[in-house]
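Comments concern the structure below.
Where a number appears in this text, it was derived from the coordinates with a stated rule and is not lab data. On a predicted model such as this, the values are computed, not experimentally measured, just so you know. Cβ placement follows ideal geometry from the backbone for every residue including glycine, while neighbour counts extend to all protein chains displayed.
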Amino acid sequence: MRKTLLAGFAMVVLGAVIVAGARWTSVGQQSQFVVGGALIDAGYGLQDGLESYDFEHHHEITPEQVWAELQKQNGRAAGMRHTFPRTPRHALVALVVCMDARIDTNELVGDTRHYYYVIRTAGSVMSEREEEMLELAVENGVKLVVLTTHSDCAAERVAKTEALRARYPSLASAVDERESRIAEFLARPAIKAAVDTGALAVKRVAIDTLHDELAARVP
Ligand SMILES: [Zn+2]
């Protein structure tokens, strides 16, 4: 019943968008953006409760069956892109986010258009490689770099637990040097110059994993 209601809600909202139509007015565009987000939320709401599609709860499923299902789902999703092509513009924001599957970068920013550069590593760790990726993004027009951590992070748990450090020594070291890598990134000449001239801002935030909420983080 809940699913039916949500589907009905989504259809009503979609109809309202089509009727409103006013793509060429700023109010119409704002409505379109907000309603688009609401439709995505409705989509998440419809899918979240479907345990029969939740791989995590199907321990008997084989890797090949998971791959087949993923391909099938991609086929459906990619088909929609032919109808609603993605924006060709370049991003103004680059995010560094943990690979934790519970964090959805679209939900973090309330924007479904993938209009962001996103680097995802366990524990949001960076090496010189990721620093170069961010600098390349800045060279391509990024004006805001957001460096994140999050609650209940498995990579941080590795760094804090002796037994886990022994199993994952490289990851533990990367978490240990996270702050020094950030300092290293900020000291890169191109990044320092961009920040000094006001062309670039770098923000540090902590993510509440359960709610995808951002909070200012003091290093
Ligand atoms: Zn994490």
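Here are the numbers for the structure shown:
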{"quantity": "In order through region 163-174: 3J(HN,Hα) via Karplus (6.51 cos²θ - 1.76 cosθ + 1.60), integer Hz, x for Gly, Pro", "calculated": "4, 6, 4, 5, 7, 10, x, 5, 5, 4, 5, 5"}
{"quantity": "Segment Met80-Val27, extension gain: residue separation times 0.36 nm, minus the distance between their alpha carbons", "calculated": "16.5 nm"}
{"quantity": "Cα→Cβ-extended label distance, 7 Å offset, between Ala199 and Gln47, nm", "calculated": "3.8 nm"}
{"quantity": "Those aspartates and glutamates that a straight Cα-Cα span of less than 14 Å connects to Lys203, excepting residues fewer than 8 apart in one chain", "calculated": "Glu179"}
{"quantity": "Eligible aspartates and glutamates near Lys72 by straight Cα distance, threshold 14 Å, same-chain separation 8 or greater", "calculated": "Glu64"}
{"quantity": "³J(HN,Hα), Karplus 6.51/-1.76/1.60, whole Hz, each residue of region 122-131, x for Gly, Pro", "calculated": "4, x, 6, 6, 10, 10, 4, 4, 5, 4"}
{"quantity": "Vicinal HN-Hα couplings computed from phi for region 140-151 (Karplus, 6.51 cos²θ - 1.76 cosθ + 1.60; Hz; Gly/Pro x)", "calculated": "8, x, 5, 10, 9, 10, 10, 9, 10, 10, 8, 6"}
{"quantity": "Radius 15 Å from Cβ of Lys143, net charge of other residues (Lys, Arg +1; Asp, Glu -1)", "calculated": "-1"}
